[in-house]
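Just below is one structure, and these are the notes that go with it.
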Amino acid sequence: MNKNPFELLKTSEKSKARLGKLTTAHGVINTPIFMPVGTAATVKGVTPRDLKEMQAEIILANTYHLYLRPGTNIIAKAGGVQKFSGFNGPMLTDSGGFQVWSLKDLRKIKENGVEFRSHLDGSKHFFSPASVMQAQREIGADIIMAFDECSPYGASKEYAKSANVRTKEWLKRCYAAHKNPQQMLFPIVQGNFYEDLRLESLNDVLPYAKCGIAIGGVSVGEPKEIGLKMLDVLKPHLPENMPHYLMGVGSPDYVLEGIARGIDMMDCVLPT
């Protein structure tokens, strides 16, 4: 995409709250926005018509789950995730990194990716930055996420730093394997709950942020005030000309707190 798809319309003088518009191949998203999660390409218990009536402008699908079932090649044959799901608006896929990370007893992190066993049948699989990009390309969402390592709350600084390094290296490989210019690739800021590592990670990923930037590793078991502190640390340094996506956060109070800190996009499975 040559033209910047994001238009910043207004920023609050009292806080960093922002109004904007993000144009995708399947429509315009008005920000700030909460995005319902459709783990397997559909929001549980909610029909596409219901989503339209509630003015849901974008929903999420999960690469890990779609890769395992029905398989991303089947979604590609169906014409992409919009046709597969019946939701014709913008869609975002995460990389599957968080799901793999959460399968603590079923995965092994390596330098070139993550080996894991399916939670469905125990079969062995491997996610690399390139394979995750291919999977998201086959799914066909408008916004796709880089493959990253999310370090858990309570991790040592040494471990968090090594996860930062791995996230940076994997991002380079994701960027090289990103082949569809119609899909916006968002890099992810990690760094756990160490202020210097958060800023270090932000500086690492900024060169790869062309259409948007995501903040990961928040709301992973830490006290809320610690998560908000990390947003305060990042807030002055986030680029103004692209949307800021806070991943996996979406309780009503956190939505408001995030918006006040310049967050434009949030998602959470809580409502469903």
Long-range amide H partners of V249, meaning residues 5 or more apart or on another chain whose placed amide H is closer than 5 Å, are D267
Tell me what the chain gives for mean residue ellipticity at 222 nm when only DSSP H runs of n ≥ 4 count, each as -39,500 (n - 2.57), the sum divided by the residue total, rounded to 500 deg cm²/dmol. -9500 deg cm²/dmol
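Taking a ≥ b ≥ c as the square roots of the Cα gyration tensor eigenvalues, with a/c under 1.5 meaning rounded and otherwise prolate when a/b beats b/c, else oblate, which class fits the chain? List each step's numbers first, then the result.
Details: a/c = 1.41, a/b = 1.04, b/c = 1.36.
Rounded, since a/c falls under 1.5.
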For the stretch 168-208, would you read off the P(r) tail past 16 Å as a percentage of all alpha carbon pairs? 38
Not counting ligands, DNA or RNA, and with a 1.4 Å probe, what is E111's accessible surface area in Å² rounded to the nearest 10? 130
In nm, the gap between the two label points placed 7 Å beyond Cα toward Cβ at H119 and V28 is 3.8
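How high is the relative contact order of the stretch 147-187? Use alpha-carbon pairs under 8 Å, at least six apart in sequence, and give a whole percent. Before the final figure, lay out the partial values.
Values: 20 pairs, mean separation 16.8, N = 41.
Result for the stretch 147-187 is 41 percent.
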Have a look at K108, K179, K14 and tell me which one the Gaussian network model of the chain (Cα, springs below 10 Å) gives the largest fluctuation. K14
Integer Hz, Karplus 6.51/-1.76/1.60 couplings in order for the stretch 210-220, x for Gly and Pro: 9, 10, x, 9, 10, 10, x, x, 10, 6, 10
Taking 7 Å along the Cα-to-C-beta vector as the label spot, tell me the K44-R69 distance in nanometres, rounded to one decimal. 1.3
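Give me the percent of the accessible area of the stretch 104-215 that comes from carbon and sulfur atoms, probe 1.4 Å, all protein chains in place.
Working: 2360 of 4720 Å².
Heavy-atom surface of the stretch 104-215 belonging to carbon and sulfur, 1.4 Å probe: 50 percent.
Treating only the Cβ of Lys, Arg, Asp and Glu as charged (+1, +1, -1, -1), what charge dipole size does the chain show about its Cα centre? Round to the nearest 20 debye.
Values: 32 positive and 28 negative charges, 123 e Å.
In debye, rounded to 20, the chain gives about 600.
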What order do D142, D121 take when sorted by accessible area (1.4 Å probe), most exposed first? D121, D142
Over the chain, what is the mean sequence separation of C-alpha contacts under 8 Å (at least six apart), divided by residue count, expressed as relative contact order in percent? 20
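Suppose all protein chains stay in the model; what accessible area per residue would a 1.4 Å probe give for the chain, in Å²? Could you put the intermediate results ahead of the total?
Values: 12330 Å² over 272 residues.
Per-residue value: 45 Å².
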In whole Hz, what ³J(HN,Hα) sequence does the stretch 162-173 give by Karplus (6.51, -1.76, 1.60; θ = phi - 60°), x for Gly and Pro? 5, 5, 4, 4, 5, 4, 5, 5, 5, 4, 4, 6
Cα to Cα, under 20 Å, and not fewer than 8 places away if on the same chain: which aspartates and glutamates meet these conditions relative to K77? E138, D142
Judged on accessible area alone, 1.4 Å probe, highest first, R107, R117 line up as R117, R107
List every residue whose amide H lies under 5 Å from the amide H of G96, counting only residues 5 or more places away in sequence or on a different chain, with H placed 1.01 Å from N in the peptide plane. T63, Y64
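Longer than 24 Å from Cα to Cα, which of K179/K210; K14/K235; K16/K44; K21/K235; K52/K235; K124/K224 are they? Say none if no pair is. Don't jump to the answer; show the numbers that get you there.
Numbers: K179/K210 14 Å; K14/K235 14 Å; K16/K44 33 Å; K21/K235 19 Å; K52/K235 32 Å; K124/K224 35 Å.
Table pairs above 24 Å Cα-Cα are K16/K44; K52/K235; K124/K224.
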Short version: ³J(HN,Hα) in whole Hz for each residue of the stretch 87-98, in order, from phi by Karplus 6.51 cos²θ - 1.76 cosθ + 1.60 (θ = phi - 60°), x for Gly and Pro, what are they? 9, 8, x, x, 9, 10, 10, 7, 7, x, x, 5
At Q55 and N241, where each label point lies 7 Å from the Cα along Cα→Cβ, what is the point-to-point distance in nanometres? 3.0
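The values are calculated or read from the model by the stated rules, or taken from the named source; none is laboratory data. For clarity, every value in this text was computed on a predicted model and none was experimentally measured. As a convention, Cβ positions derive from the backbone with ideal geometry for all residues, glycine included, and neighbour counts pool all protein chains shown. Remember, those area values only see protein heavy atoms, side chains included, never the ligands or the DNA or RNA. Shrake-Rupley method; radii C 1.70, N 1.55, O 1.52, S 1.80 Å.
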